[in-house]
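Have a look at the structure below, then the notes.
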Amino acid sequence: MKNGQVAKALRDIGFLTEVEDAENAQFKSRAYYRAADSIEALEQDVAGVYEKGGINALLELPGIGKAIAAKIEEYLKTGRIRHLDELKEKIPIDIGQLGAIEGVGPKTLKAIYEKLKVTDMAGLEKAALEGRLKTVPGITARKEQDILKKIEFTKKNGGRSIIGEVWPLAKKIEARLKGLEGVRHAALAGSARRMKETIGDLDYIVCASEPENVMDFFVKMPEVEEVKSRGPAKAFVRLAGGIDCDLLAVPEESWGSALLYFTGNKEHNVELRRIAIARGLRLNEWGAFENNDRRVAGASEEEVYKALGLAWIAPEMRENAGEIDLAAKGRLPSLVEYGSLRGDLQVHSDNSDGTATMEEMALAAKEFGLDYIAITDHTKSLAMAGGLDEQELLDQAQKIAELNDRLDGIRVLSSAEVNIGKDGSLDIANNVLDKLDIVGAAIHSHFGLSMEEQTARLVNAAKNPSVDIIFHPTGRLINRREGYPVDIARLTDVAKDTNTALEIDAHYNRLDLKDEYVRMAVRKGVKLTIDSDAHHPVHYAFLQFGIGQARRGWATAADVLNTMPADRLLKALK
């Protein structure tokens, strides 16, 4: 499938468009980003769409206009886009490296390139270390040091892929393996099965009557860029995009123990082996064995855990964070299930920075299986995102009421993503917010404040009687921004006292809250929401990553407000 390649080309155009003319190109670049999201989310191959229906079929895809459709057509025919080549010739920077550094935006990159001719991260780091960055207009000595810190963060976190970026391909490969003749079992293992926020590589386990045939198929997949090794029951390849991928074939009697072993994590497995030794057993990927090498378990994960005196532990919990003790006592929580959400409480429309109308977002949510959504467009201090003022919010609430009169099977709640100011105040008056069904509040600026100041902002918002949810509470962007410092213990205490929910933002770039913060909230009885932060109809698919994050934090359905029907949800709020 060429979806990923086409999407990358469109994103590169969008990024370089901003670098070339940062002042005037925001709307144009945003169109490329939206088109890239749309192509990347397609379940079918964009090349197949084009082959069947030509450019007219491309125009029917969400977010694809004539100019972008022509560029996609050019790429599918030639493997290149002339406009992208021209942009790269004008601005020959390494987009993958420099575009990954949070806070170094297109305008800054243009100024750095024009002044210093820096084209990659190494050159940027060298210029900062030598003190040359502060010679660029607009860059102070403080910003130079801040850029150095962000380069270090990017280098430290850049070796792993964000789960949402690899998930579609990971599951596609799993489905292919399951569908092969002679394959009895096939599963994705490793950190992806544990729904970790970032993935180092992909691991697959199969049980098949003819393992060599499976290996032949695996190494010849269209995404394989390099075959690093290949044996009769094991293969190791590198996929296009740079991610490594392993496949191991095991006999039926070792299926469960192998899946358990290669799911991990390492610390969880070490503790299981310690328990096995204490019980007079030897545990490895091939099974659990008594001292005389008689296999006593291995065919299923449940069988292995039972041999160790433990209940089966969900993959998302396997972090050696206390789950083994709970399994020994039979006290594991009943985790929130995939597909159990009734609504999505952070959804954006084209009234601010979304890509579709409120009705289109509602109908897409219905198709996705949801019963309700909250339209949470940005508010007035986020002018760049098309934020709404008080009157516009009230007008939108009226339109939502009219929309509900004609919709069937889906309900739309009036809401907003209200901006939290530097002092913790909101940019919309409470007498307006109280006319909405539900109110979320979030920080979008002043990320450099101290932990005390950032925590005070969030605490003030949580104490506001009109605020129901704190959206993406730490503001992190995975592999790009650590997030602002927050005293989560203090915030969760205030959230509990004020009946304010904390959000798990399911967008795979955020997955905010972290799993350990989710555990803290659950332990204190703080209510959570799991929301897609959808800016496009396809983004409802992100909810699965939010549920995975909630499960990693040991959350049950009772901990998550939007597992409730809408009427019960509204009664549970402030």
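Assorted remarks:
- Mean residue ellipticity at 222 nm, helices only, the chain: -13500 deg cm²/dmol; runs of at least 4 DSSP H residues each add -39,500 (n - 2.57), and the sum is divided by the number of residues.
- Over all projection directions, the Cα-based convex hull of the range 192-302 averages an area of 7.8 nm².
- C-alpha center-to-center spacing [the range 555-574, the range 101-128] in angstrom: 46 Å
- Distance between the range 485-510 and the range 390-431 - C-alpha centres, whole angstrom: 21 Å
- Across the range 255-329, Cα-Cα pairs more than 19 Å apart make up 21 percent of the total.
- Each principal axis of the chain carries a Cα extent, and these read 76, 58, 56 Å when sorted largest first.
- Charged-residue dipole, Cβ positions (Lys, Arg, Asp, Glu), the range 19-128 about Cα centre, Debye nearest 20: 340 debye
- Restriction of the GluC sites (Glu not before Pro) in the range 176-262 to DSSP coil positions whose beta-carbon has at most 16 other beta-carbons within 10 angstrom yields Glu181, Glu223.
- For a straight C-alpha distance cut-off of 14 angstrom, the aspartates and glutamates reachable from Lys196 (same-chain residues fewer than eight places away being disregarded) are Glu165, Glu316, Glu319, Asp512, Asp515, Glu516.
- Considering only Leu84, Leu58, Gly138, and ranking their Cα positions along the charge dipole of the range 3-157 that arises from unit charges at the beta-carbon of Lys, Arg, Asp and Glu, the one farthest toward the positive end is Gly138.
- Ordering Leu326, Val296, Gly256 by Cα displacement along the dipole of the range 255-329 toward the positive end leaves Val296 in first place; charges were set at the Cβ atoms of Lys, Arg (+1) and Asp, Glu (-1).
- Sites matching GluC sites (Glu not before Pro) across the range 1-69 that sit in DSSP coil, with at most 16 neighbouring C-beta atoms within 10 Å: Glu23, Glu43, Glu60
- When the alpha-carbon atoms of the range 85-188 are used, the pair Rg, Dmax equals 20.0, 65 angstrom.
- nm² value of the averaged projected area, convex hull over the Cα atoms of the range 161-249: 4.9 nm²
- Dipole of the chain [Lys/Arg +1, Asp/Glu -1 at C-beta], most positive-end residue of Thr154, Gly4, Val526: Thr154
- Dipole magnitude (debye, nearest 20) for the range 343-572, charges at Cβ of Lys, Arg, Asp, Glu: 940 debye
- Expressed per residue, the C-alpha convex hull volume of the range 12-111 stands at 103 Å³.
- Lysine pairs within the range 343-572, Cα separation less than 21 Å, 8 or more sequence positions apart or different chains: 20
- Normalised Debye scattering of the range 70-133 at q = 0.21, 0.22, 0.25 Å⁻¹ gives log10 I(q)/I(0) of -0.84, -0.89, -1.04, counting only Cα atoms as equal scatterers and leaving out solvent.
- Charge dipole magnitude, Cβ of K and R +1, D and E -1 - the range 441-574, Cα centre, debye nearest 20: 220 debye
- Listed by chain and number, the lysines whose alpha-carbon sits under 19 Å from that of Lys234, ignoring those within fewer than 8 places in the same chain, are Lys178, Lys220.
- FRET efficiency for Leu573 and Glu516, using Cβ-Cβ distance with R0 set to 35 Å, rounded to 0.05: 0.85
- Radius ratio Rg over Rh of the range 414-473, counting only Cα atoms, Kirkwood formula for Rh: 0.96
- The range 333-358 and the range 161-176 have their alpha-carbon centroids 21 Å apart.
- Counting every alpha-carbon pair across the range 343-572, the share separated by more than 30 Å comes to 15%.
- For the range 279-381, the list of GluC sites (Glu not before Pro) that fall in a loop by DSSP and count at most 14 other C-beta atoms within 10 angstrom reads Glu337.
- Three semi-axes of the equivalent ellipsoid, the range 313-409, Cα gyration tensor, whole Å, largest first: 39, 18, 11
- Reachable lysines, given that their alpha-carbon falls under 30 Å from the alpha-carbon of Lys115 and they are not under 8 places away in the same chain: Lys8, Lys28, Lys88, Lys90, Lys107, Lys126, Lys134, Lys143, Lys149, Lys150, Lys155, Lys156
- Taking max minus min of the alpha-carbon positions on each principal axis, the range 447-574 gives extents of 36, 34, 26 Å, largest first.
No lab work stands behind these numbers, since they all come straight from the coordinates. Because the structure is predicted, anything quoted here is derived from the model rather than measured. Using ideal geometry, Cβ is built from the backbone for each residue, glycine included, and neighbour counts are taken over all protein chains shown.
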